[in-house]
Amino acid sequence: MSSTRQKGLREGRPNISGAVPENGGVNFAVFSTAATAVEICLFDADGKTETDRIRLPEYTDQIFHGWIPDLGAGQLYGLRVHGPYTPEAGHRFNPNKLLMDPYARAFHGDLQWDPALFGYQLGHADKDLSFDERDSAPFVPKGIITDPAPQHFEHPRTSWHDTVIYEMHVKGYTKQHPDVPETLRGTYAGLTDGNLLRRIRQLGVTAVELLPVQSFVTDQYLADKGLTNYWGYNTIGFFSPDSRYAHDRDNALQEFRNLVRACHEAGLEVIMDVVYNHTAEGNELGPTLSFKGLDNASYYRLMPDDPRYYINETGTGNTFNLTHLNCIRFVADSLRYWVNEMGVDGFRFDLGTILAREADGFHNDSSFLRVCRQDPVLSQVKLIAEPWDVGPGGYQVGNFPPGWAEWNDKFRDTTRDFWRGEAHADALAPRVLGSPDLFNHSGRRTWASINFVTAHDGFTLMDCVSYNDRHNEANQEDGKDGSSDNRSCNYGVEGPTDNADINDIRWRQCRNMLSTLLLSQGTPMLLAGDEFGRTQDGNNNAYCQDSPISWLDWSLGDRAKELEAFVRRLTALRHRYPILHRARFLMEAYNKELDIQELTWLNANGGTMQPDEWKTAQCFGLMIDGRSQPSGIRRRGSDATVMLIFNGWKDVVNFTLPETGKGRWKLLLDTNIPENGGAVEREIFPQSYKYVVTGRSFLLLELVGRDPLPQTSS
């Protein structure tokens with residue numbers, strides 16, 4: 001195909017990656033260490049006809065580049081890359097395959113599964129060693145050239161220790177919401193509804209964490225079953241919002257920006273769940289969509305002794321090579337783009353251990369992590385790691401460097417176990433304190449522990465108290481998918497029941513786990529819908545369910561509304577009492593200089609927990625002295641003194657309220673009293689009072705009436 005634009009072709013610049021309009025044309029720059037040529041393919045407005053093909057004229061510092069005249073925003077394009085097809089050496093160049101530009105800001109159309117997408121001939125005896133000459137262009141999304149758009153965002157900038165995260169799915173949150181216009185349900189535009197965002201903020205939430213919204217692919221095996229990759233953990237376009245969530249699909253970029261602005265106006269930060277550990281291209285038998293055809297040996301980690309094959313530390317077929325300088329640059333460029341031009345406030349990194357892997361395994365000072373710590377943009381946003389992968393030594397909870405927060409699955413597992421009667425005080429105590437055994441090092445703070453009881457992956461909170469076993473039949477995998485280790489309890493009946501006693505226990509256990517989550521030290525993360533008892537009918541792996549199984553059902557009954565009010569009450573208490581979310585770890589040792597015991601563990605007799613009680617106690621208390629030192633400055637604090645009582649035992653416990661000298665105990669919360677959000681603040685009890693703590697319940701009390709203490713001189 002001869003180009004009509006060759007006459008005006010210029011060298012362009014290598015230092016601006018992707019396709020950037022400037023001076024009446026577009027500058028293209030594409031990285032590859034082993035390619036021999038890169039061609040820019042232009043398409044008509046519907047993306048079906050290739051109208052021009054221009055070879056980039058220059059190659060500088062491993063960048064192919066050129067400036068093409070008479071092009072601008074809105075033009076559809078793709079890449080064809082020439083080079084050796086030698087899988088045994090790690091190279092899989094095939095110019096018959098149209099490639100998606102990794103730096104494209106938007107895409108037109110959806111991926112359509114076809115044998116032409118594969119660089120080799122499907123069914124050939126030599127498998128991926130064969131070579132396929134079919135053109136894949138009809139089946140590949142086309143990049144959309146966009147104008148650079150400098151943006152200004154007014155960020156809420158909530159401090160870490162004040163943060164409450166709400167994990168949600170853009171589509172699932174509004175797909176069935178009656179107040180959202182039907183045409184906008186399930187879209188970025190639908191989620192900008194002011195009433196919805198105010199509701200989230202009124203829950204006490206300060207940040208929404210969106211499941212993946214970068215352009216992703218639905219796996220072929222799911223498409224063949226009529227299912228979809230609903231969660232979106234299969235990214236292919238790391239600069240582009242997925243158009244499936246846009247009301248106007250070719251305007252997804254601006255719709256996402258509008259969503260971020262609307263969240264900011266509502267006082268909510270936006271955290272993106274991002275997948276930089278692998279791409280949608282799979283292993284050696286996967287399709288050639290982008291990186292595999294651009295520079296397979298640079299972008300992916302390959303087996304050192306046989307680079308035909310991929311290192312698979314993600315369980316998805318391939319692993320992004322974050323030891324390669326250009327791959328690190330690509331990821332950092334992408335992250336900065338989402339901050340600077342899209343306005344996001346932070347990132348949660350799926351399988352984050354991958355980010356810190358060097359050739360010999362995990363390092364908490366890996367090249368990529370060092371880049372983030374020194375980057376003037378990325379070092380200022382919230383960075384959250386999912387601190388595990390499926391490779392050797394992949395479980396790294398607590399081992400990320402300062403500045404990072406981490407999902408703490410030990411909090412999840414221990415909280416579930418305690419309330420179902422399978423764990424004792426010794427297990428729950430450190431989790432309530434922000435897991436100092438994991439995070440109290442290198443100057444890290446309590447907020448580094450992202451506490452959660454449920455997340456998108458696994459049972460919802462209501463399912464955790466309603467099912468003993470997973471029920472994933474709709475996934476069409478013979479019920480073998482999803483985890484069998486749910487640490488759940490159905491309390492006598494599997495699934496929904498009309499038994500009033502069982503339902504009472506289930507709703508109270510929801511309140512207990514939510515109370516533990518929202519009143520512990522650390523950063524709480526609430527799964528959307530748990531605040532009103534959402535169910536997925538026992539499906540603990542709804543990754544492929546773009547259906548009512550995953551969509552939030554907003555037809556709330558009385559108990560659902562009661563639980564939502566209870567959550568609002570919990571977050572209000574958390575914000576009212578700073579002692580419940582200190583950034584500094586509380587000390588168990590007596591502070592002789594300030595004459596303060598910052599925290600005291602109590603048994604049911606109101607006395608200090610004894611060593612032999614820790615491994616058996618299912619009912620215990622924690623008293624936190626409000627005078628505890630709030631910072632590194634050696635002086636007392638001035639917060640309220642509070643007491644938390646955890647009764648994981650199935651029967652009533654007569655708990656003696658401890659003696660502290662002067663003052664009385666004011667009841668702030670009792671999970672056995674769900675009415676009015678558990679507000680019971682008119683009840684005040686003397687010290688040594690035996691409070692009847694209902695089986696499986698949680699209490700919060702405040703010490704009132706204590707005389708002011710003299711200030712300690714410095």
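Here are some notes:
- Degrees separating the helix 252-265 axis from the principal Cα axis of the chain, which is the longest one: 20 degrees
- Relative packing of peptides 494-502, 94-102, 289-297 - highest average C-beta neighbours within 10 Å first: 289-297, 94-102, 494-502
- Solvent exposure of the chain amounts to 37 Å² per residue of accessible area, where only protein heavy atoms count and the probe is 1.4 Å.
- Rounded to the nearest angstrom and listed largest first, the equivalent-ellipsoid semi-axes of region 308-451 from its Cα gyration tensor are 29, 19, 13.
- Computed with the Debye formula from one identical point scatterer per Cα of region 433-551, without solvent, the log10 of I(q)/I(0) at q = 0.18 Å⁻¹ comes to -0.94.
- Close amide H contacts of GLY343 (hydrogens built in the peptide plane, cut-off under 5 Å, sequence separation of 5 or more or a different chain): none are found.
- Take every DSSP beta bridge whose two residues both sit in the chain; close to 75 percent of them are antiparallel.
- Residue by residue, region 637-642 carries 3J(HN,Hα) couplings of x, 10, 7, 6, 8, 10 Hz when phi is fed to the Karplus relation 6.51 cos²θ - 1.76 cosθ + 1.60 (θ = phi - 60°); x denotes Gly or Pro.
- Couplings 3J(HN,Hα) of region 335-352, computed from phi: 4, 4, 4, 5, 7, 6, 10, 10, x, 6, 10, x, 9, 10, 9, 4, 6, x Hz, in residue order, whole Hz [Karplus 6.51 cos²θ - 1.76 cosθ + 1.60, θ = phi - 60°; x for Gly and Pro].
- Each Cα pair of region 205-333 feeds into the Kirkwood radius, which the Stokes-Einstein equation turns, at 25 °C and 0.890 mPa s, into a diffusion coefficient of 152 µm²/s.
- Taking only the Cα atoms of region 589-628, the radius of gyration and Dmax are 11.5, 34 Å.
- The fraction of accessible area contributed by carbon and sulfur in region 453-496 is 42 percent, rounded to a whole number (1.4 Å probe; ligands and nucleic acids excluded).
- Spread over its residues, the convex hull of the C-alpha atoms of region 605-697 is 132 Å³ per residue.
- Using the Cα coordinates of region 264-321, the gyration tensor eigenvalues translate into equivalent-ellipsoid semi-axes of 31, 12, 9 Å, sorted from longest to shortest.
- Taking packing as the residue-averaged number of other Cβ atoms within 10 angstrom, the listed peptides 137-148, 153-164 run from highest to lowest as 137-148, 153-164.
- Within the accessible area of region 512-627, the carbon and sulfur atoms contribute 51%, probe 1.4 Å, all protein chains present.
- Taking N as its residue count, the alpha carbon Rg of region 564-644 over 2.2 N^0.38 Å: 1.23
- Across region 249-295, the fraction of Cα-Cα pairs farther apart than 13 Å, rounded to a whole number, is 70%.
- Computed extension length for SER484-MET587: 33.4 nm, one decimal, from 0.36 nm per residue of separation with the Cα-Cα distance subtracted.
- Residues in region 215-220 carry Karplus couplings, in order, of 3, 9, 10, 7, 4, 4 Hz; the curve used is 6.51 cos²θ - 1.76 cosθ + 1.60 with θ = phi - 60°, and Gly or Pro positions show x.
- Considering all C-alpha pairs of region 491-578, those separated by over 22 Å amount to 35%.
- Once the Cα gyration tensor of region 47-97 is diagonalised, semi-axes √(5λ) in Å: 25, 16, 8
- The Cα atoms of region 370-471 define a convex hull whose projected area, averaged across directions, is 8.3 nm².
- Share of alpha-carbon pairs per 10 Å distance bin for region 115-273, given as whole %: 10, 31, 31, 16, 9, 4, 0
- Contact order normalised by residue count of the chain, Cα under 8 Å, 6+ apart, percent: 10 percent
- Stretch gain in nm, segment VAL652-GLU182, where the contour uses 0.36 nm per residue and the Cα spacing is subtracted: 164.3 nm
- Given charges at Cβ of Lys, Arg, Asp, Glu: the chain dipole, positive-most of TRP160, GLY74, LEU210: TRP160
- Area projected by the alpha carbon convex hull of region 94-195, averaged over all directions, nm²: 11.9 nm²
- With coordinates expressed along the principal axes, the C-alpha atoms belonging to region 517-669 extend over 59, 38, 28 Å, beginning with the largest.
- Interchain or long-range residues, amide H under 5 Å from ARG105's placed H: ILE144, THR146
- Segment ASP248-THR51, length gained on full extension (0.36 nm per residue, minus Cα span): 68.4 nm
- With all pairs of separate Cα atoms included, the chain yields a Kirkwood hydrodynamic radius of 27.3 Å.
- The orientation-averaged projection of the convex hull spanning the C-alpha atoms of region 1-78 amounts to 5.0 square nanometres.
- Calculated SAXS-style log₁₀ I(q)/I(0) at q = 0.12, 0.19 Å⁻¹ - region 109-162, Debye, Cα scatterers: -0.56, -0.77
- Pairwise Cα distances in region 158-202 exceed 16 Å in 40 percent of cases.
- Selection among GLN687, TRP407, CYS263 by position relative to the dipole of the chain gives GLN687 as farthest towards the positive end (Cβ unit charges, Cα centre).
- Between ILE596 and ASN591, the built amide H atoms are under 5 Å apart, and every one of these is 5 or more places off in sequence or on another chain.
- Considering every alpha-carbon pair of region 153-235, the percent of pairs per 5 Å bin, from zero through the bin containing the longest distance, is 3, 13, 18, 20, 18, 14, 8, 4, 2, 0.
- Peptide packing: for 255-267, 48-60, the average count of neighbouring Cβ atoms within 10 Å per residue gives the ranking 255-267, 48-60, highest mean first.
The values are calculated or read from the model by the stated rules, or taken from the named source; none is laboratory data. Because the structure is a prediction, the values reported are computed rather than measured. In this analysis, Cβ positions are derived from the backbone assuming ideal geometry, glycine residues included, and neighbour counts consider all displayed protein chains. The protein model used for the area step is the full one, side chains on, heavy atoms only, and it has no ligands, DNA or RNA in it. Shrake-Rupley method; radii C 1.70, N 1.55, O 1.52, S 1.80 Å.
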